[in-house]
Amino acid sequence: MTGGSALIEDERLAKAFSVAMLAAVLLPITQNWRRHKRDGFPLSYYPMFSDRRREKVNVVHLVGLTADGERHLIPYHYAGTGGLNQVRRQLNRLADRGAAGVACEAVARRLAVDGGGPLGHVVTVQVVRGRYRLATYFDGAKEPLSERVFAARPVERTP
Amino acid sequence: MSTRSPRGWGRYLLAEAPATRLAALRILTGAWTLHYVWRRRRMFARLARTEPSLFRPVGPARVLRRPVSPSSADLLYATTLASTVAFVAGFRHRYSGPVYGCSLLCLLSYRNSWSMIFHNDNALVLHALTLGVAPAADALSVDARSAERVRRAGTHWRYGWPIQLMNGVTVLTYFLAGVAKLKGPLGLSWATGESLRSQVAVDGLRKELLGSRAAPLGARLYPHVAVYQSLALGSLALELGAPLALVNRRLARFWALNAFLMHWGIFFVMGIRFRYQLSGLLYAPFLEPERALQGLVGR
């Protein structure tokens, strides 16, 4: 049958394409036996949820301080676009490279323009890495065990 | 075209299916893509103008040493959107299908290169690539208005192989996730549920600190490790047993239903949205989506 309604019309081609696709999807399984594993897209070995998690966890995030020293968590969307995980990864990369000031400045600028509610009183933005103990955190002790400030910038509002 | 009956794995691969089933999958997958890509138009536009040093290419984007210009990224987005519209309509499918699959692959690879690998996109892209090269527009399409196509469209292996392949791809992705857990640092002890509980807790912690909303159920269940153990055992069984879904249709539907429910469970406990999976469309090739579509049209 020839009609050309699709790229693959031939039985042999259909089989070859199917085998190639299934093999390609299965191939990343070999990453599990490698010392330095590498994930890919769209061919992945699906390592999500397989890592060992420690009892103490570090998280890079944004903090806003008011003139009275009150502390507020600043939502991720002030730092970038694309969802929480995307912004989280970007903050991690910037902090690791010593470039957290870039994100800090961007957040301070956005807060100066559209920071409302409790964030309307924030005068300083920080990018921090907080260390938390999971069990105590979910027991209600929300304070970090320790915290490192990577960058701090003032929020300059025009009257 | 061969008319002899296939044997062995060929019998699985070349199972017959009606043209309308494949066409329904084209419409559903394409419509989902359209919704997914259109809703993120501002995100894609901003992404193309992000700090270049954050670029870590994955997938086909690895051919790039640095990000492309914002106008090139905008062009890729527009191409994906236009080809998706043509794909849904079944317009010039021989050309629009492959362009749809490839442009979606490139667009989502480029997006992931700026952040992390969003594993929920993998199956969507693999399904799109399959539907893009298959005769998925021989029915329910603009192309199908021609008399010759209408005559051709019926029940045939040429409409069955893409569906079988999509199902094969789906179960393999779950199987890989199961193997990764067993071959990970925890091995079989992953099934104790401790690790899953910690994953849920870390995810909730990150969400709270980054100003999002952690799933309240995950925090509430934290003290109950037995709950996490049963969830871990269930998901391991579902993932490692996924290839059994290819044995027969009844088993396939049972597996698909459980996988679908698992993702809703993940959503309620962790607040993580595996969007394509939650929509149920990932599992549509296991079913008869043409009936639902015809029911909607005939209503």
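The values are calculated or read from the model by the stated rules, or taken from the named source; none is laboratory data. Note that this is a predicted model, so its numbers are computed, not measured. Cβ: placed from backbone, ideal geometry, glycine included. Neighbour counts: every protein chain shown. Heads up: the accessible areas ignore ligands, DNA and RNA and are worked out on the full protein's heavy atoms, side chains in. Shrake-Rupley method; radii C 1.70, N 1.55, O 1.52, S 1.80 Å.
Below is a table of values for the structure above.
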read-out: Candidates B:Arg26, B:Arg65, filtered to the one that is open to solvent by 20 Å² or more (accessible area, probe 1.4 Å) and either modelled with pLDDT of 95 or more or out of contact with any Phe, Trp or Tyr (no Cβ under 9 Å at 6 or more places or on another chain) (or both); value: B:Arg65
read-out: Matching residues, region A:116-141, being farther than 22 Å from A:Ala67 by Cβ, modelled with pLDDT under 90 and touching a Leu at 6+ places or on another chain (Cβ under 9 Å); value: A:Leu134, A:Thr136, A:Tyr137, A:Phe138
read-out: Filter result for B:Val99 (open to solvent by 30 Å² or more (accessible area, probe 1.4 Å), assigned to a helix (DSSP H, G or I) and more than 7 Å from chain A (Cβ to nearest Cβ)); value: yes
read-out: Checking B:Arg56 against (1) touching a strand residue (DSSP E or B) at 6+ places or on another chain (Cβ under 8 Å); (2) over 30 Å from B:Asp143 (Cβ atoms), the condition it does not meet; value: (1)
read-out: Among (1) over 24 Å from B:Gly168 (Cα atoms); (2) more than 10 Å from every other protein chain (Cβ to nearest Cβ); (3) in contact with a Phe, Trp or Tyr (Cβ under 7 Å, 6 or more places away or on another chain) - the single one B:Leu54 does not satisfy; value: (2)
read-out: Options B:Ala256, B:Ala237; residue that is modelled with pLDDT of 90 or more and buried (at least 21 other Cβ atoms within 10 Å of the Cβ); value: B:Ala256
read-out: Members of region A:46-79 found to be open to solvent by less than 20 Å² (accessible area, probe 1.4 Å) and without any contact (Cβ under 8 Å) to a residue 40 or more places away in the chain, listed by number; value: A:Tyr46, A:Ser50
read-out: First in region B:121-145 and more than 8 Å from every other protein chain (Cβ to nearest Cβ) and farther than 13 Å from B:Thr29 by Cα, second anywhere and open to solvent by less than 10 Å² (accessible area, probe 1.4 Å) and not in a helix (DSSP H, G or I), Cβ under 8 Å, 6 or more apart; value: B:Leu140/B:Gly90; B:Ser141/B:Gly90; B:Val142/B:Gly90; B:Ala144/B:Gly90; B:Ala144/B:Ala137; B:Ala144/B:Asp138
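To keep it simple, each residue is scored yes or no on (1) open to solvent by less than 40 Å² (accessible area, probe 1.4 Å); (2) farther than 23 Å from A:Tyr137 by Cα; (3) hydroxyl-bearing (Ser, Thr, Tyr).
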site	(1), (2), (3)
B:Val227	no, no, no
B:Ala242	yes, yes, no
B:Leu251	no, yes, no
B:Arg273	no, yes, no
